[in-house]
Amino acid sequence: MTLPTRVKLVDVGPRDGLQNEKQPVPAAVKVALVQRLQDAGLSEIEVTSFVSPKWVPQMADNAEVMAGITRKPGVRYSVLTPNLQGFEAALKTRPDEIVVFASASEAFSQKNINCSIAESIARFAPVVEAAKAVGIYVRGAMSCTVGCPYEGEVAPERVDYLAGLMRGIGVQHVGVADTIGVGTPLKVQRALEATLKHYDLNDVSGHFHDTYGQALANTLISLQMGVWQFDTSVAGLGGCPYAKGATGNVATEDVVYLLHGMGIDTGIDLDQLIDAGQFISDFLQRKPNSRAATALLNKRAA
Ligand code: HMG
Ligand code: MG
């Protein structure tokens, strides 16, 4: 077992975290959150998504948020683009990376992006080509790699199939997502192994929602497989509007605590990260959904 010595975390809080919020979150608050994340040392931030505002109203201010951020050298700012229309709108805002997102289950593909898996790949192909032509890195998100809110358990063969399709259209990196947080370590391991048939270890990340409290265990088994990139969400914000009942991604604070405790470097200042989580949680009028943040905030208060 060789654990990575350094891990890259992509904070998806501004996008995955906030997309599901019913109350409007002003663009200025999103911009301030991005600022706090980069100040805390995050080197990649998933800022927003260029999806239909009818489907996800919270992301309708995508261009305003991208225009509002102050870019820090060395930080990559990524956005979701489900089709050419989204890509063209995103391009004007100069993202460093775009994310095309598909599902390993047919039913979730239909519910989330209104098309089949095969249709989604056909839509992404010209997006991938256009992005690469202008030097924008293309990441892919693979939803429902262990379980689907509509179909139940998802077999690794489905992940194998999807990863092969993503590779086939030139997606450069894929995230293995447990969209509804039902995965346990051996199932996640199988989904990762299926993906690794098509992608190098350096081009695969984990994206674990924490609905059943398994995300840290799933992160640990991924680390043991050598995976060193993860999507996490500050204050454990989030969920997907088309995956009812699913809670947020594993909290960035909890993963940073885990990694630093294991002597693995992240480049992130946990105290400043906790401040970022506190900032957005105060705005949303709730407590950070992070055990490490709660413990450290209690310690600060004592
Ligand atoms: P559609 O209705 O099939 O699209 O939606 P369409 O091409 O038929 O167009 C219909 C209307 O949408 C038109 O407007 C288009 O202009 C507009 P109208 O003429 O009716 O006024 N439209 C757009 N507007 C803005 N930006 C666009 C865009 N495309 C079309 N890009 C579509 C298809 C994909 C757009 C829709 O289903 C959609 O927006 N879905 C949102 C899905 C989403 O954002 N889900 C959450 C993110 S994924 C996620 O959270 C999972 C992840 O975290 C990993 C994991 O955990 O699993 C990544
Ligand atoms: Mg997600």
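The values are calculated or read from the model by the stated rules, or taken from the named source; none is laboratory data. This is a predicted model, so every value here is computed, not measured. Don't worry about glycine lacking a Cβ; one is built from the backbone with ideal geometry, like all the others, and counts go over all protein chains shown. Ligands, DNA and RNA are stripped out before the accessible areas are found, and what is left, the full protein with its side chains, is counted by its heavy atoms. Shrake-Rupley method; radii C 1.70, N 1.55, O 1.52, S 1.80 Å.
If only residues of region 219-241 that are open to solvent by less than 10 Å² (accessible area, probe 1.4 Å), outside any loop (DSSP other than H, G, I, E, B) and among the hydrophobic types (A, V, I, L, M, F, W, C) are counted, the one that is farthest from ligand 1 (Cβ to nearest atom) is Leu223. Across region 255-282, the number of residues qualifying as in a helix (DSSP H, G or I) and closer than 25 Å to Val75 by Cα comes to 19. Report whether or not Ala163 is of a type outside the set (D, E, K, R), at pLDDT 95 or above and touching an Asp or Glu at 6+ places or on another chain (Cβ under 8 Å). Against the criterion (of a type outside the set (D, E, K, R), at pLDDT 95 or above and touching an Asp or Glu at 6+ places or on another chain (Cβ under 8 Å)), Ala163 does not qualify. Scanning region 137-164 for residues that are away from ligand 2 (no atom under 16 Å from the Cβ), crowded, with 21+ Cβ neighbours inside 10 Å and either among the hydrophobic types (A, V, I, L, M, F, W, C) or under 18 Å from the mean Cα position of the chain (by Cα) (or both) returns Val138, Ala163.
Going by the conditions given, is Ile264 open to solvent by 10 Å² or more (accessible area, probe 1.4 Å) and of a type in the set (Val, Ile, Thr)? Judged against the criteria, Ile264 is not a match.
Evaluating Lys244 against the criteria (1) within 15 Å of the chain's Cα centre (by Cα); (2) assigned to a loop (DSSP other than H, G, I, E, B) leaves one unmet condition, (1).
The criterion of at least 3 residues that are closer than 14 Å to Ala104 by Cβ is met, among strands (runs of 3 or more DSSP E) falling completely within region 135-212, by 137-143, 173-178. Checked against the criterion of being at pLDDT 95 or above, open to solvent by 50 Å² or more (accessible area, probe 1.4 Å) and closer than 25 Å to Val204 by Cα, region 50-62 contains not a single residue that satisfies it. In region 71-96, the residues that are under 15 Å from Met59 (Cβ atoms) reach residues that are crowded, with 24+ Cβ neighbours inside 10 Å and among the acidic types (Asp, Glu) with C-beta atoms within less than 6 angstrom, at least six apart or across chains, in these pairs: Ser78/Glu46.
Within region 184-230, the set of residues being out of contact with any helix residue (DSSP H, G or I) (no Cβ under 7 Å at 6 or more places or on another chain), touching a residue at least 40 places away in the same chain (Cβ under 8 Å) and more than 16 Å from ligand 2 (Cβ to nearest atom) comprises Lys187, Leu223, Gln224, Trp228. Determine whether Leu216 is out of contact with any Phe, Trp or Tyr (no Cβ under 6 Å at 6 or more places or on another chain) and open to solvent by 10 Å² or more (accessible area, probe 1.4 Å). Considered against the rule, which asks whether it is out of contact with any Phe, Trp or Tyr (no Cβ under 6 Å at 6 or more places or on another chain) and open to solvent by 10 Å² or more (accessible area, probe 1.4 Å), Leu216 comes out as yes. Cβ separations smaller than 9 Å between residues 6+ apart or across chains give the following pairs from region 119-133 residues that are closer than 17 Å to Ala89 by Cβ and open to solvent by 80 Å² or more (accessible area, probe 1.4 Å) to residues that are modelled with pLDDT of 95 or more and assigned to a helix (DSSP H, G or I): Arg123/Leu84; Arg123/Ile113.
Give me the pairs, please: first residue somewhere in region 31-56 and of a type in the set (Phe, Trp, Tyr), second residue anywhere and open to solvent by 10 Å² or more (accessible area, probe 1.4 Å) and assigned to a loop (DSSP other than H, G, I, E, B), beta-carbon distance under 8 Å, and either six or more positions apart or on two chains. From residues that are of a type in the set (Phe, Trp, Tyr), the pairs are Phe50/Pro82; Trp55/Pro241.
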